[in-house]
Every structure is written in C-alpha cells, then in structure tokens.
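Peer 1: Structure below; questions to follow.
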Amino acid sequence: MKLVTVAFYALALGLLAVGLRELLTGFEENRCSMTYMFEYPEYRRVALPRRVARLYPAYGLYLYGEGLYAQETRALKLTGAPVLFLPGNAGSYKQARSLGSVALRKAENMDGGLHFNVFTVDFNEELVALYGGSLLRQTHFLHESIKAILRLYKHLKTPPQSMVLVGHSMGGVVARALFTLPRFNTNLVSLIITQASPHLAPVLALDPYLLDFYSAVRQKWVNHAKKLRNVTVLSVGGGYRDYQVRSGLTSLPCPPGDPNKLSLVATAVPRTWVSTDHLSIVWCKELVLATVRAFFDLIDPETRQFTVNPEKKMAVLNHHFIRHPVRMVGETQDTSISISDFPEAWSEVNTLRLAYSTPKEGQVKYFMFALSSRRKAYSHFYCRSNNLEMTSWVYGCVHKNSSSCVHAVDLSMGTELLPPYKVLILSLSDLSSVTHLVVSASNLNGKQFTVECEWQRQESQTVSLPAPHVLSFGLTVSDVSVNSSGLLHTIRLQHFHQVYQAFRITVASQCKVHKDRLPNVYRLNVPWFREDSLTTVSVPSVTEISGMLHTSRPDNTSDVLLQLHTAPNCQYKVSLRTSLHKVLGQILRFCGAMVPVYTAVTLLLACGGQLSSILASGRTTDMSQVVGRGLQPHKVNLPVYILHILLSCSCFQEVWSILYLPPMDTLPPTIPDEGVVPAEEWPHLLSPLHYIFGAAVAYWGSTLLRLLMRVISLILAPLHRPSVSRDCGTLRLRTQLLITVCLTVMGGMSCGALSISAAFLLHFYRVLRLQMTERSLSHMLNLAPRQHKEAENGTVEAESLSKSKECNGATLLSECVLQEVRDDLQLHLCLSALFTLPLMLIAPSLIHWIRNLRYSTQLDPDPCWPLIVPLITVYMLLINCNTLKLSNSKFLPLVSCLPLPLSIAMVTFSPLHLYRVTYFLLAALVPLALCCLL
C-alpha cells in the first residue's frame, strides 16, 4: 500500500512538474530586440520639498539624460513634454533608460526641437506585489512627484498642465490609484500607458492591504467612469512569455463601451508582434518604438505639449497599437483625388486574381477592377502588397472616362499591417457609390515589390473545425484540408472558448509548382479580446501553432478564428489536437493560487489524522502515511461545490447574508472588459486536480522536511549531550511566558513576521532535539540483546510493542521511551510542516522590513499584527506538547473533528484571500494548544 501511495504522488508530482515546465519555459524564444544607450545614461535627482523628503525618505525622483542633453538639463531648466516612468514590483528607477534613450534619439531627427523630458521614480525596489502596505504610500509620493515636475515648467509661457504616466507592473496600478486620492486633480494626468500591470486582480493576495487597495481602485474607475472619460488608459500585456502576470489580468476593469480604455497583448501590436516576459516588456525595442512614435503623434503643435483631446488620443493609440493604416495620423484625407494622369499606365483587370511584380526601373502603374460584374457573385475584395511604405494605394473610382479614372476616393485607411506585407479587405456592400476599384502599383523610386489581389466569396472561404475535447489527451485529431483557390481562408475553431483548453495546431502546406511566393501568415484571431498571435512561414512548410487563450469567451456569439493568408494553387491541411502539457500549463497559469490552499488543507487533515490516531490508540502514525491520507476530495470538494450550487439560489443567498458570511472566493475572472463579472464554473470543476497537486506538494514537502531534520540533527548531534527523555527541547512555564512577552513586544516594535519566525525556530529546535533523541535511543537499542532487536524489527509478536503506555518486565524501559519519542516526533513533524505555511505567507513583509531597516525600524502597516499574540502563544504552548498530554485531554475528541470543517471553509474563502489560510490554521491550532495545557 505504501508503494502505491508513493507511486501515486510521484505521478502527481510529475504532472505538476510538466505543468510548471510548460508555464515557465513552454513559449517561443524571446524575439525582442534590445535597446541600447548610445551615451552613458545619467539620472539627475530632482529636489523635493522638505516635507515630502521627510515623509518619504526611501523614495526619490530623477530626470533621465544622456550626453549633451544631460549637460543641458543639469540646472533643470526644461522645455520638453514631461513623461514619468513608474517601476513595478522590485523594479528599479533605472528601467526608464530604454524609453528615455529611444525618445531622445528620435527627437534628434525632429524639426523645431520637439522632445520629451523623461522622469522616473525610485520606489526603493519594494515588493509591492506581495506586500500591499506600501502601495498607498507610493501613490501619495507619486502625487507629490507630479506636482514637483510640473513646477519645473513654470518659467515657460505655455507650461504643461498635464503629463503622461508609463507604469510597469504594479507601477501601472499605482498610476490608476492616483485618482482615488481625495485631493488629486484629475487634469494633471491625461494618458496612462501600463505594461504588464495586473489591473483585474493581484497575482497573489498575501495580505489584506493589497486587496483593499485593488478594491478602492476598481470602485473609483467603475463607479466614476463618466468623470474619468478625459483620462485615456492603454494596458499592454506581455503574452505567454510573461508567466508572472498573465495577460488576462492586464485587462482594464471598466464599464462596457468605455471608448478611452484599451486593453491588448503585445503580440497583437502592429510592427511589434512579439511576446515579452515580465521584464523585457520594458526594454523590448519593438514595443518601445511603438510607444515613442505614439508620444510624438500626441504632441499638440501649438502648445508643444501632449494633447488633452480624448478623440485625438484614441486615434493615435488605435493607429500605433490596434490597427496601423497606411496614412499617418493627422494627415488630411482628400475625398476627391485625381489619378487620371499617364493614361498609358492604366490596365483593366478582368480576371478573378491579379499577381503583379514591379520592374526594376521606376514606372507609374494602375490596375482597375470593375465592380458592376462582381457584386452579385462576390462579397469582398482582398489585396496585399509587400510594399510597406506609408502611402495610399487602393482607391474607389467615382467618375471614370474611357480608359482611366478621373476622380476617386481613397480607401486605403482600412489597410492593416502584417509582418511581411500590408493587407486590405473591402466589403462590396460598403462600396455602393463606387464603380471601379483602383490599385496603385507605381514604383517611382525603383523599389521592387509585389501586389496580389482577388475577388472573394467569404462564405465559401470559411470552414468550421470542431475542437477536440480537453480530455482526449491528444489521441483525437480534428483536421480539415483547404485547396487554396484564394489568398485568404478562415478556419472557425468551434468549441474553443475556455482558458483551460490548449491545442497543438499544425498547418501543413504543399504546392504543385515551386516558385517565388509571398510568405504565408497564420493569424489566430480572438474576437473578444485583442490577443491575436501571428506566425510567418514560407511555402511549403509544416508549422505548429500553440492554440491557447488569455481570456474566456464572454458570450456565445463568436468563435476563435484561424486566418490563413495563403499562396494560390497550394493545398493546406490544418490539424487540431489537445496538448496535455499545455493544458496543465494553462491550469497552473490561471489556478496556481489554489495549490497552496490545498497544500494547507492536506497538512491540516494530516494533523487531524494524527489526533484521531492518538485518540484511538494513544499512538501516532508515520508522517508519510498520514499526509498521504490527507487527499480527501470527496469530503472537501463536494461540500464546496454544493455550496457553490446553493449560492446560485436567491433564498440561500439571503440566509448567507443574514449569517454575515463573506462571499465565496473565486479566482480572478477570465472574461475581459467587464465591470462586474459572474463567477465561473470551471475552477470548481477542476478543483480535484488542484487538490491532487496540493497534496503532492504536501507529501513530498513533508518528505523533504523529514530528510532535512535528519541531516541537520546529524550535524548538530556533536553539540548536544545525548538525551533519553521525551521532554528534550521543552521549555519551563516561566521561560515560555518570558519568551512570549519578549517576542510579542519585539513584534509590536519592529516586525511581526520577525517574532513569529523566531517562535517557529524555537519549535524547530524542539523537533531537532526529538530527532537526535530518537537516534540516540536507536543506537542504544542496537547494543541490546537479540531478542529485543527482533522485537523492534517485528519478528516477535507485535502485541508487546503496540501498547505505548505499558512498560513491563518483558519490555526494556529504553524501548518504551523510544516509542514515546517516536510518537512525539511524528506529531511535531506534522505540526512543523503546518507551521511552515504561515511562515511562507508572511515572508514578504519580513523581507520588506529588512530592506527598509535604514529608513525605519518598525513596519507600518504590519499585516501580521493580528497574528502576533495568538501565533506566538500557540507555538510556545505546542513546544511542550506530547502524545501523553493529548491522549489524557478531555477536549481531544472535539479538537480532532475540527480540521475537516476548517478545511472546507479554507477552500471556500481562501483562494483569492491567501492570507486567510493562516487564520484557519490558527482556528485549528488554538484548541490543540489548549488540549496540551488543560
């Protein structure tokens, strides 16, 4: 049976390792180009008022500069447009150098001395993603920094009245939190661009301050959306390379239809098309260039500062981040363009497809397509060209003479950039006033390029492909073959709409005639969120695409589309199969926060199993066995799922609210751009798998803990005198009281996590002493007569060793003591594993306190302050606990029943509030400590 348990948990650990490997490494290589500084970067500190410097000694404000520009701005006489960069969790203010350097180099090529002043804030590299006590402090300092920056421009005739914020990670959340401050003037910030910022929910909620901060920000932006319409916010996610902040969390929680809020993934940004990890999103040259280009287009030529016009801001952001047309932003569109010059350059196309390559010498060339004969048979006109110049190239002819077009309207604004070429798709139903379509293939500069156009019937070029079930484990394959008679084909992926689904999409192309062709582009289009991914390949080829989602479908009106920009006269076979390792990676990406909760549940039930064993026989069970039995999904998950179903009934919700119970915890929603999102069913359905993962972590973690105890006890054995008592490592009552008072005072005056860690180490020492005593007694028995050796090995009747309370003449006293020590050791090993969980949850606040010791000796606010007294008291009382005291306690039957209901409550209320795990553990440990005392 033990072998089966080990094999089961080995398999579970293997699946968990496969999922972690996929999460951490199962993505494309980093295709971002590095940004380099041409001159040595300098950071000029901006002096802040004494009051601000005294309130925030750990923070600072700097101006970025290089070379001559750094020398010119030494006196802080600034004339540019202000941009402020905000670092994120553990981020450095020096991360602004990529944005600052690119903006500085691009400004050298601009007329009129137009440039930016890039500022950056030093937040002391605080761990604000794990410790939320500093977020409000950072927000107030940011407010003071903005006022200080704008004061530097008072000498100008038209000083800037607002500025742009660029926030990375939690810096983007802090930027939005500015608007929650009661005295903040909302006109001071006109645009916020965030990079990999978890707006929807924190990645891990390890203290209540983090969730309170998020709640305040959400309420402000959702409830006061109309007042904040003048503030434009763009949120960019990194894609699958960013395993720290999944891109679904970067979606802005705002009311549907808010025109000034944009959420997207870097893979969908035109001229970027790459996935970035959590750090490279700051220096990724492709994304930085898109940001800087947008900044220059946002400048008002009259004021030479950022525009405050919301329509202009959205037009620029749409141009650079959503859809990149061929005309530059701000260019006026002439609705009556004469293109009738050079009559000999005109050619009318009567075929269904045009494929034309320009000659080496420059020429003027126009192709004209008649609409009258095509309207009934075709629905769209498709055209592409690998000439990526920003010029108009497709027109709608309004008035035509015998051989050429006299007047035409420009239709090029619908052009979209793809990595190898630009594409334009026109719907014929929108061209009722147009008689002919005109495609310009002129290459006056002698540059060669190719133009391909065709008439399309969209219905005939769209096929459906049902996605295999997620439990098919890759054994079932769905495929479809496409005989490419056109340049664009669409595969509708049916039943693919949940984030836990993951597929391997294989596209194999074959061509009868081998010749030079434009590359193929395979685009995975998600209609409900801007998370498209593009793959460029040559023909023929076999290409594998990862089919995964960052967000779930919010309704039943759309499917994921695989758009194939193909070569004509080729055959394509699209295969779709479930990928098990990618499914596991997706589950951990979205539900990884539930694994620690189920680890705590397993260890708590293991502790309850030890108590039940003591109650039944007065003996404990081996730790590996009792932890292995902690996997009880039928007792934990089933009641939770029943509660989830009952809460869908209004009457049960009323009873729930009457009892003042908090709502059930649900993981951060995966449905984008909604102010209020209903709970999703799939995390509850997958909870048994999360339980298995959590149990595997608990099982192998406890095994590692036992091994660690043995190694450390072996090392420390020479430093301690051998003991033959079960009371080794215990403390006297006066000593316990003194240590409890001292640790409580120390925690109140410095950091609660420090005193709790000290109490944990005292209990850890108790376990080490028990381990050393067990080894000493085992060595002593090795010298005993053979009869007693055989008795210990089980060759003599086991009844003589099963009674822990009897030490008669047939049994040596040392054997009885050894059994008592082993029982106590197994008990305290379980307790030590349980004590490790609160220590891990409070570790971020301890790290934050250590890193800020030079500024303050007291952690304020301290998330551990409600836990200091109960946790330290419990640790101290349980140090002296043993199986004999527990077996004699009258409260043991009641205490042994507590772990199961507490485990159910933990799963119900803790997945989103991880810090609550400690409170539930305390609810089980306090009665246990009383059992040892009374």
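Peer 1: Let me confirm something: among SER392, SER357, SER402, SER372, which residue is open to solvent by 10 Å² or more (accessible area, probe 1.4 Å), free of Cβ contacts under 8 Å to residues at least 24 places away in the same chain and of a type outside the set (A, V, I, L, M)?
Peer 2: Working: SER392 fails: free of Cβ contacts under 8 Å to residues at least 24 places away in the same chain; SER357 fails: free of Cβ contacts under 8 Å to residues at least 24 places away in the same chain; SER372 fails: free of Cβ contacts under 8 Å to residues at least 24 places away in the same chain.
Sole residue among the options that is open to solvent by 10 Å² or more (accessible area, probe 1.4 Å), free of Cβ contacts under 8 Å to residues at least 24 places away in the same chain and of a type outside the set (A, V, I, L, M): SER402.
Residue by residue, here is whether (1) free of Cβ contacts under 8 Å to residues at least 40 places away in the same chain; (2) under 22 Å from GLU28 (Cα atoms) holds:
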{"site": "VAL222", "(1), (2)": "no, no"}
{"site": "LYS226", "(1), (2)": "yes, no"}
{"site": "LEU262", "(1), (2)": "no, no"}
{"site": "ARG271", "(1), (2)": "no, yes"}
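Peer 1: Looking for something farther than 24 Å from MET170 by Cα and out of contact with any Pro (no Cβ under 6 Å at 6 or more places or on another chain) - is there at least one such residue anywhere in the range 86-101? If you could, list the steps in order and put the result at the bottom.
Peer 2: First, pick out the residues of the range 86-101 that are farther than 24 Å from MET170 by Cα: none.
Looking through the range 86-101, none of the residues is farther than 24 Å from MET170 by Cα and out of contact with any Pro (no Cβ under 6 Å at 6 or more places or on another chain).
Quick grid of which residues meet (1) touching a His at 6+ places or on another chain (Cβ under 8 Å); (2) farther than 26 Å from LEU200 by Cβ; (3) of a type in the set (Lys, Arg):
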{"site": "ARG151", "(1), (2), (3)": "no, yes, yes"}
{"site": "LYS154", "(1), (2), (3)": "no, yes, yes"}
{"site": "GLN161", "(1), (2), (3)": "no, yes, no"}
{"site": "SER169", "(1), (2), (3)": "yes, no, no"}
{"site": "VAL173", "(1), (2), (3)": "yes, no, no"}
{"site": "LEU178", "(1), (2), (3)": "yes, no, no"}
{"site": "ASN185", "(1), (2), (3)": "no, yes, no"}
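Peer 1: Of the numbered conditions (1) surrounded by fewer than 20 Cβ atoms within 10 Å (Cβ to Cβ); (2) assigned to a loop (DSSP other than H, G, I, E, B); (3) not hydroxyl-bearing (Ser, Thr, Tyr), ARG553 fails exactly one; give the number of that condition.
Peer 2: Answer for ARG553: the failing condition is (1).
Okay, residues lined up against (1) part of a loop (DSSP other than H, G, I, E, B); (2) touching a Lys or Arg at 6+ places or on another chain (Cβ under 7 Å); (3) free of Cβ contacts under 8 Å to residues at least 40 places away in the same chain:
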site: THR543; (1), (2), (3): no, no, yes
site: LEU549; (1), (2), (3): yes, no, no
site: LYS582; (1), (2), (3): no, no, no
site: ARG589; (1), (2), (3): no, yes, no
site: THR602; (1), (2), (3): no, no, no
site: LEU605; (1), (2), (3): no, no, no
site: LEU611; (1), (2), (3): no, no, no
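Peer 1: Of all residues in the range 489-503 being within 30 Å of PHE381 (Cα to Cα) and in contact with a Ser or Thr (Cβ under 7 Å, 6 or more places away or on another chain), which is most open to solvent (accessible area, probe 1.4 Å)?
Peer 2: ARG492
Peer 1: Right, another one. Would you call PRO678 of a type outside the set (A, V, I, L, M, F, W, C) and at pLDDT below 90? Walk me through it before giving the result.
Peer 2: On the way: of a type outside the set (A, V, I, L, M, F, W, C): yes; at pLDDT below 90: yes.
The answer is yes for PRO678.
Peer 1: Further, regarding this structure: Yes or no: PRO863 in contact with an Asp or Glu (Cβ under 8 Å, 6 or more places away or on another chain) and either open to solvent by 10 Å² or more (accessible area, probe 1.4 Å) or part of a helix (DSSP H, G or I) (or both)? Working first, answer last.
Peer 2: On the way: in contact with an Asp or Glu (Cβ under 8 Å, 6 or more places away or on another chain): yes; either open to solvent by 10 Å² or more (accessible area, probe 1.4 Å) or part of a helix (DSSP H, G or I) (or both): yes.
Here the answer is yes, as PRO863 does meet what is asked.
Peer 1: Identify all residues within the range 1-29 that are out of contact with any strand residue (DSSP E or B) (no Cβ under 9 Å at 6 or more places or on another chain), acidic (Asp, Glu) and surrounded by 11 or more Cβ atoms within 10 Å (Cβ to Cβ); write none if there are none. Outline the logic, then answer.
Peer 2: First pass over the range 1-29, keeping only residues out of contact with any strand residue (DSSP E or B) (no Cβ under 9 Å at 6 or more places or on another chain): 1-25, 29.
If we keep only those that are acidic (Asp, Glu) too, we end up with 22, 29.
The one that is out of contact with any strand residue (DSSP E or B) (no Cβ under 9 Å at 6 or more places or on another chain), acidic (Asp, Glu) and surrounded by 11 or more Cβ atoms within 10 Å (Cβ to Cβ): GLU22.
Quick grid of which residues meet (1) more than 18 Å from ASP824 (Cβ to Cβ); (2) outside any helix (DSSP H, G or I); (3) not aliphatic (A, V, I, L, M):
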{"position": "VAL711", "(1), (2), (3)": "yes, no, no"}
{"position": "PRO718", "(1), (2), (3)": "yes, no, yes"}
{"position": "CYS728", "(1), (2), (3)": "no, yes, yes"}
{"position": "ALA758", "(1), (2), (3)": "yes, no, no"}
{"position": "LEU762", "(1), (2), (3)": "no, no, no"}
{"position": "GLN771", "(1), (2), (3)": "no, no, yes"}
{"position": "GLU774", "(1), (2), (3)": "no, no, yes"}
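Peer 1: A further question follows. So which residues in the range 219-259 are crowded, with 19+ Cβ neighbours inside 10 Å and closer than 23 Å to ARG916 by Cβ, if there are any at all?
Peer 2: Within the range 219-259, VAL245, ARG246, LEU249, PRO253 meet the criteria.
Peer 1: Only one of (1) touching a Ser or Thr at 6+ places or on another chain (Cβ under 7 Å); (2) under 23 Å from LEU249 (Cα atoms); (3) touching a residue at least 40 places away in the same chain (Cβ under 8 Å); (4) open to solvent by less than 20 Å² (accessible area, probe 1.4 Å) is not met by TRP528, so which one is it?
Peer 2: Result: TRP528 passes all but (4).
Peer 1: Given the condition surrounded by fewer than 23 Cβ atoms within 10 Å (Cβ to Cβ), in a helix (DSSP H, G or I), among the basic types (Lys, Arg) and out of contact with any Asp or Glu (no Cβ under 6 Å at 6 or more places or on another chain), answer yes or no: does some residue in the range 54-65 qualify?
Peer 2: Kept after step one, since they are surrounded by fewer than 23 Cβ atoms within 10 Å (Cβ to Cβ), are these residues of the range 54-65: 54-58, 60, 62.
So of that shortlist, the ones also in a helix (DSSP H, G or I) come out as 54-55.
Among the residues that remain, those that are also among the basic types (Lys, Arg) are: 54.
With out of contact with any Asp or Glu (no Cβ under 6 Å at 6 or more places or on another chain) added as a condition, the list becomes 54.
Taking every residue of the range 54-65 in turn, at least one turns out to be surrounded by fewer than 23 Cβ atoms within 10 Å (Cβ to Cβ), in a helix (DSSP H, G or I), among the basic types (Lys, Arg) and out of contact with any Asp or Glu (no Cβ under 6 Å at 6 or more places or on another chain).
Per-residue answers, yes or no, for (1) open to solvent by less than 10 Å² (accessible area, probe 1.4 Å); (2) under 20 Å from THR73 (Cα atoms); (3) polar (S, T, N, Q):
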| position | (1), (2), (3) |
| --- | --- |
| ALA103 | yes, yes, no |
| HIS115 | no, yes, no |
| VAL121 | yes, yes, no |
| GLY132 | yes, no, no |
| HIS143 | no, no, no |
| THR158 | no, yes, yes |
| VAL166 | yes, no, no |
| LEU181 | no, no, no |
| ASN187 | no, no, yes |
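The values are calculated or read from the model by the stated rules, or taken from the named source; none is laboratory data. All figures in this text were calculated on a predicted structure; none of them were measured in a lab. Positions of Cβ are generated from backbone atoms using ideal geometry, with glycine treated the same way; all protein chains shown enter the neighbour counts. Ligands, DNA and RNA are excluded from the accessible area calculation, which covers all protein heavy atoms including side chains. Shrake-Rupley method; radii C 1.70, N 1.55, O 1.52, S 1.80 Å.
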